[in-house]
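Notes to accompany the following structure.
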Amino acid sequence: MEFSFNVNEVFKSPIVEITPNLIPPGYTGDRRALWDTVSKVGEVVNQMGSASAAAQGLTKAITTADRIRNSEHKLYFLIDKNANSGKGAVTGMLKTGNKSLYVFDRDGNHYQVQPPCLLDFYIHETKQRNGLGKVLFEHMLQKEGIAPVQMAIDRPSEKLLGFLNKHYSLKDPVKQMNNYVVFDDFFPKRSLPAPHEPQTQSEGIRSKIQQNPNSANGLQPVPSPMGRYGAPRPPCSMGQIIHNQSPNEQRQETTGRIASQ
Ligand code: ACO
């Protein structure tokens with residue numbers, strides 16, 4: 001996307017990170033020039049936000065300068081230095097932030113988490129499917145020190161799901177009621193003990209829950225209750241609704257947990 005001003009004078013590197021104060025990295029100048037620069041960054045945010053919304057079929061932009069100012073979100077812009085006769089152009093935008101979410105795994109177990117989220121992602125129409133999305137996404141992963149599976153994705157488009165499948169082998173998203181999507185390794189792995197192994201009740205509970213070292217965000221599964229609270233419970237109807245299962249698609253285990261067959 002081209003602008004009337006010289007993009008290269010505002011954004012000095014091929015990928016820039018914008019924080020809520022809208023001051024571009026490496027800015028040097030006096031207060032008057034700062035106001036002008038911040039208003040240019042605001043214009044880029046608003047125009048890229050609108051283009052992203054249009055590309056996703058949204059009626060309203062989810063990324064605007066006002067919203068960024070009042071958030072703790074991070075924005076990354078991808079810059080093409082050579083475009084627009086050397087004035088530069090902005091070719092991509094990616095927004096992240098941590099959100100407080102309730103997420104359900106496929107078995108209906110729920111977790112309250114604050115994972116890093118992918119909130120908005122857009123590559124200009126003329127540049128899509130050229131690997132630029134991967135460049136921007138990889139930069140974000142490296143800056144934030146996370147793996148894609150650790151993220152919750154807000155309302156992913158089909159294009160984004162294709163992107164995540166192609167580059168990161170992430171498939172079969174676990175769709176949430178809040179329109180976010182996560183993938184199976186987001187959750188800690190649970191495994192059942194071998195049937196012949198004698199175990200005390202507490203050993204049994206411990207062995208059913210094994211932390212997957214790759215599971216996101218140090219998610220801690222809630223251990224099964226003991227005593228009368230450990231009695232079998234009916235299938236979790238919320239889990240069934242979320243994952244579009246009929247009641248006979250699930251079996252009940254003695255711990256009260258529900259496992260898909
Ligand atoms: N149709 C289907 N899949 C697509 C398309 C498309 N038009 N464009 C990209 N993809 C997927 C495919 O898997 C593609 O691989 P392929 O060409 O071999 O089929 C892969 O992405 C290409 O990878 P990159 O070139 O690295 O990605 P790109 O630069 O195109 O950026 C992005 C991906 C950001 C999804 C871009 O296509 C885009 O801006 N789309 C429109 C806006 C959008 O849908 N954004 C995501 C909204 S959801 C959210 O932001 C949380």
For residue 136, state whether it is near the ligand (Cβ under 6 Å from one of its atoms), farther than 16 Å from residue 62 by Cβ and modelled with pLDDT of 95 or more. no
If you scan the range 10-53, which residues turn out to be at pLDDT 95 or above and charged (D, E, K, R)? 17, 40, 43
Can you tell which of 123, 79, 68 is buried (at least 22 other Cβ atoms within 10 Å of the Cβ), more than 20 Å from residue 183 (Cβ to Cβ) and more than 12 Å from the ligand (Cβ to nearest atom)? 68
For the range 143-150, state whether one or more residues are surrounded by 15 or more Cβ atoms within 10 Å (Cβ to Cβ), more than 13 Å from the ligand (Cβ to nearest atom) and part of a loop (DSSP other than H, G, I, E, B). yes
If we keep only residues of the range 65-106 that are hydroxyl-bearing (Ser, Thr, Tyr) and more than 18 Å from the chain's Cα centre (by Cα), then the residue nearest to residue 151 (Cα to Cα) is 91
Scanning for something in contact with a Pro (Cβ under 9 Å, 6 or more places away or on another chain) and surrounded by fewer than 17 Cβ atoms within 10 Å (Cβ to Cβ), does the range 38-49 turn up at least one residue? no
Report, by residue number, each residue of the range 146-177 that is in contact with a Pro (Cβ under 9 Å, 6 or more places away or on another chain) and within 15 Å of residue 96 (Cβ to Cβ). 146, 150, 151, 152, 153, 156, 164
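Of 120, 172, which residue is touching a residue at least 24 places away in the same chain (Cβ under 8 Å) and not small (Gly, Ala, Ser)? Steps first, answer last, please.
On the way: 172 fails: touching a residue at least 24 places away in the same chain (Cβ under 8 Å).
On inspection, the qualifying residue turns out to be 120.
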Considering only residues that are among the basic types (Lys, Arg), more than 13 Å from the ligand (Cβ to nearest atom) and under 27 Å from residue 188 (Cβ atoms), which ones fall in the range 85-120? 106
Of everything in the range 126-138, what is crowded, with 17+ Cβ neighbours inside 10 Å and of a type outside the set (Gly, Ala, Ser)? Give them in sequence order. 127, 136, 137
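The values are calculated or read from the model by the stated rules, or taken from the named source; none is laboratory data. Just so you know, these numbers come straight off a predicted model, no measurement behind them. Cβ sites come from the backbone with ideal geometry, for glycine too, and all protein chains shown count toward neighbours.
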